[in-house]
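Notes for the one structure printed next.
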Amino acid sequence: MIRYILVQNRQGKTRLSRWYFPCSDEEKNKLLSDFYKLVNVRDPKLANFIEYRTYKIVYRRYAGLFFGMCVDTTDNELAALESIHLFVESLDAYFGNVCELDIVFHFWKCYALMDEMFLTGEIQETSKKIVLKRMSDLDRLN
């Protein structure tokens, strides 16, 4: 199960976060800080998996953003890494070469896309084509 999904820039500012378990604001701030401290200083040649507490953090850096998720230790790291990649590819296809400013100024669209792919801590949809079709349907409603 996915515990949380984060998108942070290299300065540690959180651009997107989705929590799939109950926790206090203090604990969220601690987790955000720990995520930044763990992935920012890590050598790019090392694996994109980190054991953290009783979970695993799976992350990937795209340009100036870190996309990461915390999963249970029994979950497949490569499946989590691939779902991160699919999320970034979907954002890229939706916005047309996505950048940090797209995420900042259109965060509600990013959350909608995230919600199309992930539901209650599980991967819901793995087809980029279907996700983009649903997003275009949502755009037509506005």
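With the requirement that a residue be outside any strand (DSSP E or B) and either touching a His at 6+ places or on another chain (Cβ under 6 Å) or touching a residue at least 12 places away in the same chain (Cβ under 8 Å) (or both), what does the range 16-33 give you?
20, 21, 31, 32, 33
Of the residues 81, 101, 91, 113, only one is more than 22 Å from residue 36 (Cβ to Cβ) and assigned to a helix (DSSP H, G or I); which?
Numbers: 81 fails: more than 22 Å from residue 36 (Cβ to Cβ); 101 fails: more than 22 Å from residue 36 (Cβ to Cβ); 91 fails: more than 22 Å from residue 36 (Cβ to Cβ).
Result of the check over 81, 101, 91, 113: 113.
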Extreme residue, surrounded by the most Cβ atoms within 10 Å (Cβ to Cβ), among residues of the range 116-133 that are assigned to a helix (DSSP H, G or I) and among the aliphatic types (A, V, I, L, M) | 131
The range 22-56 - residue that is basic (Lys, Arg) and touching a strand residue (DSSP E or B) at 6+ places or on another chain (Cβ under 8 Å) and, of those, surrounded by the most Cβ atoms within 10 Å (Cβ to Cβ) = 56
Quick check, is residue 36 in a helix (DSSP H, G or I), modelled with pLDDT of 95 or more and over 13 Å from residue 16 (Cβ atoms)?
-> yes
How many residues are over 13 Å from residue 7 (Cβ atoms) and surrounded by 19 or more Cβ atoms within 10 Å (Cβ to Cβ) if we restrict to the range 91-115?
-> 1
Could you look through the range 57-88, keep only residues that are without any contact (Cβ under 8 Å) to a residue 40 or more places away in the chain and β-branched (Val, Ile, Thr), and pick out the one that is surrounded by the fewest Cβ atoms within 10 Å (Cβ to Cβ)?
-> 74
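The values are calculated or read from the model by the stated rules, or taken from the named source; none is laboratory data. Because the structure is a prediction, the values reported are computed rather than measured. No Cβ is skipped: glycine too gets one built from the backbone with ideal geometry, and neighbour counts run over all protein chains shown.
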